[in-house]
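In what follows, a structure is listed as structure tokens, so that the remarks can point back to it.
Bear in mind that the values in this text are calculations on the coordinates, not laboratory data. Since this is a predicted model, take the numbers as computed values, not measurements. Every residue, glycine as well, gets a Cβ built from its backbone with ideal geometry; the counts of neighbours run over all protein chains shown.
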Amino acid sequence: MIVIDCSYTMALVMPDEQQPASLTRTLESRLVAPGLWPLEVANALRNVVRRGRLRSADVSDVCARLDVYAVEVLGGADVPVVQRFASAERLDLSAYDAAYIDLAVQGRYALATLDSRMAAAAQRAGVTVLN
């Protein structure tokens, strides 16, 4: 299994994004993400519409492309705030980004990300990074 973050997700589905070098390897695996992933992806789509990179009318097509990847959302709000804070502080990342790394560490999964800070933190935590 591979944990997929929002940056990698957007590269998969946005027509103006460059495909990641690890795409084939990533898509050969089952994709998972933490509970905040749908919110992050929806927010990213909202931002690309605001910036004019995508028309609002085209969002459903992008979401249909996303559905093909069948990303499974794991976990949710069952982690205490203090634990999320500690992880973010330890990794020197936002709590959002730390949640992806935590999921990868707990499941012993690789992490697919195009975010260089998250990739570096994941590698320090012993996570294999695909980008």
Legend entry - Amide H within-cut-off set for A110, under 5 Å, with H built and near neighbours excluded: V3
Legend entry - Principal axis dimensions, region 1-124 - Cα atoms, whole angstrom, descending: 40, 30, 24
Legend entry - Quarter of the Cα convex hull surface for region 7-67, i.e. its orientation-mean projected area (nm²): 4.3
Legend entry - Potential lengthening between R108 and R84 on full extension [0.36 nm per residue; Cα-Cα distance subtracted]: 6.8 nm
Legend entry - Vicinal HN-Hα couplings computed from phi for region 113-128 (Karplus, 6.51 cos²θ - 1.76 cosθ + 1.60; Hz; Gly/Pro x): 8, 10, 8, 5, 5, 5, 4, 5, 5, 5, 4, 4, 8, x, 8, 6
Inset, instruction - Kindly state, to the nearest 0.05, the FRET efficiency for R65 paired with S29, given R0 = 25 Å and r defined as their beta-carbon distance. - result: 0.90
Inset, instruction - Considering Cα pairs under 8 angstrom that are at least six residues apart, work out the relative contact order of region 6-131 and quote it in whole percent. - result: 28
Inset, instruction - May I ask you to evaluate 6.51 cos²θ - 1.76 cosθ + 1.60, the Karplus curve with θ = phi - 60°, for each residue of region 44-61 and list the ³J(HN,Hα) values in order in whole Hz, giving x for glycine and proline? - result: 4, 5, 4, 5, 5, 5, 4, 7, x, 7, 8, 7, 4, 5, 8, 4, 5, 5
Legend entry - Listed residues V41, V73, V81, most fluctuating in the chain (Gaussian network, C-alpha, under 10 Å): V81
Inset, instruction - Residues in region 1-20, backbone N under 14 Å from the label point at A44 (7 Å along the Cα-to-beta-carbon vector): list them, ranges by number please. - result: 3-20
Inset, instruction - Within 10 Å, count the other beta carbons around each residue, average over each peptide in 31-37, 21-27, 104-110, and list them highest first. - result: 31-37, 104-110, 21-27
Inset, instruction - Please report, in debye to the nearest 20, how large the charge dipole of region 4-131 is about its Cα centre when each Lys and Arg carries +1 at its beta carbon and each Asp and Glu carries -1 there. - result: 160
Legend entry - ³J(HN,Hα), Karplus 6.51/-1.76/1.60, whole Hz, each residue of region 78-94, x for Gly, Pro: 7, 9, x, 4, 4, 5, 5, 4, 4, 5, 4, 5, 4, 8, 6, 9, 5
